[in-house]
Each structure stands twice: as C-alpha cells, then as structure tokens.
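Participant: Pasting in a structure now, in structure tokens, and then I'll have a few things to ask.
The values are calculated or read from the model by the stated rules, or taken from the named source; none is laboratory data. Predicted model, so just to flag it, every value in this text is computed and none were measured. All Cβ positions, even for glycine, are placed from backbone atoms using ideal geometry, and neighbour counts span all protein chains on display. These accessible areas exclude ligands, DNA and RNA; they are computed on the full protein's heavy atoms, side chains included. Shrake-Rupley method; radii C 1.70, N 1.55, O 1.52, S 1.80 Å.
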Amino acid sequence: LALPPHGEDEGAVAAELELTQAGLTANPKSYCVWHHRRWVVTVWAPPSAERLPRELKLCAKLLEMDARNFHCWGYRRHLAGVASSPPAAELRFTDAKIGADFSNYSAWHQRAHLRPLLGDGDGLGGTARGGAGAGGSAEGVAIV
C-alpha cells in the first residue's frame, strides 16, 4: 500500500479514517487502531479546522458507550492539545463524565492532566470547586 505523502489525497485520508472507525466499532480498545488513527490525523494528514472537531465528537460518542475507555481518553487529550482546546472546556467535559459516574477513574485521570494547565487564573475559583482558596485554607468548605 503506497500512501500519498502527507495526506495530500483527501479521499485516501477519509478512507483511512473510515477504516480505523470500523476497527474502533469492532474493538474500541485496540491500541493499534488508536495509534494508527492518531498518526493519520496528526502526521500523515496535518490537523485541520474541519477534522479536529469531528474527531472530538467521535471521542465523545465513544465515551458515551464506554466512559472508562482510557485509549479514547488519551486520544482526546492528544486532540485537545493539537487543537489548542481551552483546558477549561475539557475540564467541563470531564466534570460531566464524573458527575454521571463518580468512580470513573479514566475521567479523573484526564482531569488530573488538565488542572495544571489551568493555573491560578482558571476562572473556576478554588472554593467554588470545593477546594482550598488562594490562601490555601479550606475554611468554610463542606465535605460531603
């Protein structure tokens, strides 16, 4: 199989994405399929404004089917970085998954990767999120 250089043939790129989507439908936790899809969308066919949102939607759909699919979470984390998605938006996505299932450790892991990216000026407010405020004190925080 000879692939055109750097995804110049959009038809070939679409065919590779369809192939990997079929693979993920059959086995959504296949390392090799996720790895190939990641290669297609970031190396062979440089990211595009049209493709990345579709990929994030695919991740959202697959995570609806299995919210603990760490392969999909890793791919989503990669896409968000490539797409320069605001960390606060990704944090809201993880919060929704955690809200649906508090024991979703894959979502918690994703959240742990996002918090350092938000810094102090994340606009979330430490005490509003149930954590310690800027002064490091947890006074007034109810522990449920």
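Participant: Counting only residues that are surrounded by 13 or more Cβ atoms within 10 Å (Cβ to Cβ), at pLDDT 65 or above and not in a helix (DSSP H, G or I), how many does the stretch 1-26 have?
Facilitator: 1
Participant: Next question. Are any residues in the stretch 42-67 modelled with pLDDT of 90 or more and touching an Asp or Glu at 6+ places or on another chain (Cβ under 8 Å), and if so, which ones?
Facilitator: Across the stretch 42-67, the qualifying residue is only Ala67.
Participant: Sticking with this structure for a sec: Take the conditions of a type in the set (Gly, Ala, Ser) and in contact with a Phe, Trp or Tyr (Cβ under 8 Å, 6 or more places away or on another chain) and apply them to Gly74. Does it pass?
Facilitator: Yes: the conditions hold for Gly74.
Participant: Please enumerate the residues belonging to the stretch 41-68 that are open to solvent by 90 Å² or more (accessible area, probe 1.4 Å) and over 23 Å from Ser103 (Cβ atoms). If you could, list the steps in order and put the result at the bottom.
Facilitator: Here is the first cut: in the stretch 41-68, the ones open to solvent by 90 Å² or more (accessible area, probe 1.4 Å) are 50, 54, 57, 61, 64-65, 68.
Listed by number, the residues that qualify are Glu50, Arg54, Lys57.
Participant: Name the residue that is most open to solvent (accessible area, probe 1.4 Å), counting only residues in the stretch 69-106 that are of a type in the set (S, T, N, Q) and in a helix (DSSP H, G or I).
Facilitator: Pass one, the stretch 69-106, residues of a type in the set (S, T, N, Q): 69, 84-85, 94, 103-104, 106.
Now drop any that are not in a helix (DSSP H, G or I), which leaves 94, 106.
Numbers: Thr94: 0, Ser106: 21 Å².
Among those residues, the one meeting the criterion is Ser106.
Participant: Identify all residues within the stretch 41-80 that are touching a residue at least 12 places away in the same chain (Cβ under 8 Å) and among the β-branched types (Val, Ile, Thr); write none if there are none.
Facilitator: Val41, Thr42
Participant: Of the conditions (1) free of Cβ contacts under 8 Å to residues at least 12 places away in the same chain; (2) open to solvent by 40 Å² or more (accessible area, probe 1.4 Å), Arg38 satisfies every one except a single condition; which number is it?
Facilitator: So Arg38 meets the others, but not (1).
Participant: Pairs needed: first member in the stretch 92-105, farther than 14 Å from Phe70 by Cβ; second member anywhere, in a helix (DSSP H, G or I) and at pLDDT below 95; C-beta distance under 6 Å; at least 6 residues apart or different chains.
Facilitator: So the pair list comes out as Ile98/Ala107.
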